[in-house]
Amino acid sequence: MQTITSRKNEVVRAAAALADSVRQRRESGRYLVEGARLCEDAARSGVVLEQLFYTEKAADKYSSYLTACMAVCPQIYEISQPVAELLAETKSTQGIFAVCRMDTASHDLQALPQSGRLLAVEQLQDPANLGTILRTAEALGVSGVVLAGACCDIYTPKVLRASMGAVFRLPFFEADSTGQAIQALHDRGYSVYAAVPDSTAKPITRLAFSDRDAVWIGNEGNGLTQEAIQAADQAVTIPMAGRAESLNAAAAASIVMWELCRTLSEESIHG
């Protein structure tokens, strides 16, 4: 264990850059996790922890969380409070941080499962929405999430926090474009559905999903692109009462995922 008290320390500055820069994360293949529970969750989920940082106060208050992290991390640093504030993205930091390694190979489209029930998102921009979607996907038993186009970075601190650790465990697959992702899904034999706020589309509640289906959710402001809608096998919609024209992306995704996995839930209940 080493001690770092200077905010100018190169190790600390490199870690801080991972929280601030998508480019730094992508080029280095690493990302920064903040918080006692989230760092422990990463360690227990099999994520590779390369560096661990904590304050003296954090060591006293969160010793059980730190123990799990220390057991798997080769580089450990005790840091001063000013250094912790440099690393922190939250206003009241707990003083625990971990630099983690991305498992990029498992997130390539080539790693798509041969079967499953997938959610796909196109150009999703809000980190809170993406994190909530990932958390809900894990809870409902979705097989994985496809991210296509200019989605916000899944390793940004806000997504990590909002996902409550789902990023560490839920399979996800990244594609440069929607067309590339849909082609990969079709090549695997998946049926592809486009969720749209259109009363002429088939209500999602009337579909009987199989074990090789994927449903697309679009951007918060613009919905799905025409490319996604036209390339899909069928357009589906969430029936709505009242005057609302559409739902928040995370809310719509939650309903879609419930319907996508409902038969699996019923089977587990009835055994």
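Which value, in debye to the nearest 20, describes the size of the charge dipole of the chain about its Cα centre when Lys and Arg Cβ atoms bear +1, Asp and Glu Cβ atoms bear -1, and nothing else is charged?
For this selection, approximately 480 debye.
Do you know the relative contact order of the range 2-102, to the nearest whole percent, from alpha carbon pairs under 8 angstrom that are 6+ apart?
43 percent
Mind checking the alpha-carbon convex hull of the range 73-145 and giving the volume per residue in Å³?
155 Å³
Sequence neighbours fewer than 8 away in the same chain don't count; with that in mind, list the aspartates and glutamates whose C-alpha is under 16 Å from residue 57.
34, 78, 85
With a sphere of radius 13 Å drawn around the Cβ of residue 22, what net charge do the other residues whose Cβ falls strictly inside it have (Lys, Arg +1; Asp, Glu -1)?
+1
Pairs of alpha-carbon atoms within less than 8 angstrom and 6+ residues apart define the contacts here; what relative contact order does the range 184-246 have, in percent?
It rounds to 47 percent for the range 184-246.
Find which of 221, 256, 232 sits farthest along the positive direction of the dipole of the range 198-257, computed with +1 on the beta-carbon of Lys and Arg, -1 on that of Asp and Glu, about the Cα centre.
Going by the Cα projections, it comes out as 256.
For Cα pairs less than 8 Å apart in space and 6+ apart in sequence, what is the mean separation divided by the residue count of the chain, i.e. the relative contact order in percent?
For the chain, the relative contact order is 18 percent.
Roughly how many debye, to the nearest 20, is the charge dipole of the range 2-102 about its Cα centre, given +1 on each Lys and Arg Cβ, -1 on each Asp and Glu Cβ, and no other charges?
With only Lys, Arg, Asp and Glu charged at Cβ, the dipole is about 240 debye.
Neighbour counts of other C-beta atoms within 10 Å: give me 190, 77 arranged from fewest to most.
77, 190
Projected onto the charge dipole of the chain (+1 at Lys/Arg Cβ, -1 at Asp/Glu Cβ, origin at the Cα centre), which of 204, 192, 127 gives the Cα projection farthest towards the positive end?
Working it through, the farthest residue towards the positive pole turns out to be 127.
I need the peptides 218-227, 143-152 ranked by packing, meaning the mean over residues of other C-beta atoms within 10 angstrom, with the highest value on top.
Averaged packing, sorted descending, gives the order 143-152, 218-227.
Listing 186, 107 from the residue with the fewest other Cβ atoms within 10 Å to the one with the most, what is the order?
186, 107
Can you put 61, 8, 202 in order, fewest other beta carbons within 10 Å first?
Lowest count first: 8, 202, 61.
What value, in deg cm²/dmol to 500, does the helix sum -39500 (n - 2.57) over DSSP H runs of n ≥ 4 give at 222 nm once divided by the residues of the chain?
-11500 deg cm²/dmol
Enter the mean projected area of the convex hull around the alpha-carbon atoms of the range 2-102, in nm², rounded to one decimal.
Mean projected area for the range 2-102: 5.7 nm², to one decimal.
Among (i) 135; (ii) 123; (iii) 147, only one was calculated for this model; which label is it, if the read-out is volume of the Cα convex hull per residue in Å³?
Recomputing volume of the Cα convex hull per residue in Å³ here picks out (iii).
Helix by helix through the chain, keep the DSSP H runs that span 30 Å or more along the axis on Cα and average at least 0.5 on Kyte-Doolittle, and give those back in order.
Span-like helices, by this rule, are 249-270.
Computed from the coordinates by the stated procedures, all read-outs in this text should not be read as laboratory data. All values derive from a computational prediction rather than experimental measurement. So basically every Cβ, Gly included, is an ideal-geometry build from the backbone, and we count neighbours across all protein chains shown.
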